[in-house]
1. Could you give the length gained by full extension between residue 147 and residue 91, i.e. 0.36 nm per residue of separation minus their alpha carbon distance, to one decimal place?
2. Could you list, in their original order, any pairs among 16/80; 15/80; 15/58; 80/137; 16/48 whose Cα atoms are separated by more than 27 Å?
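Values quoted throughout were computed directly from the atomic coordinates according to the rules given, and no laboratory measurement underlies them. Fair warning: this is a prediction, and the values are worked out from it, not measured in the lab.
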Amino acid sequence: GTCGRSSFAACVLVKKDAEEKKKLEAGNWDAIHVVEVRPLGPKRAAYKLTTTIMLRIKTGHAVGVHEGEMNLSGSLTRQKEEELAVGDVASHVANMGRMVEEMENRMRDTLQSIYFGKTKSVVNGLYQSGGAEANKKKDMLAQALMAEMGKRNAD
């Protein structure tokens, strides 16, 4: 048939609102996935996925008797291109779904390890004094861990 002979694009939007828990007062996660599909012949297609995740978090923060509030927000955008096998229209949906799921999981892990880890380090650093050497060791360990994780993601 004529399945897959013309290019098209699709968009998937994911919105997640966090429940209020412990120190988390509010938060949400908005993911926008745009997939461009270009046929390469009767049985293959090129997929280009562009994902942007916008994150907003409001938390309570206390150190000793000092209490405060921290608002954290930001966005992360990544792209990935793949050539995949195509059988029928449903295989496009499966291919796009798999790409979107893998991308969102990878970006969630990135945000969790880098974004939150770094923020926690900065906030804790603001409250500490005289711990420069300990912080330096922690930073070196964090860099080594991130380098190791980078190797794993490259595999």
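1. Gain on extension, residue 147 to residue 91, equals 16.6 nm.
2. Pairs exceeding the cut-off: 80/137.
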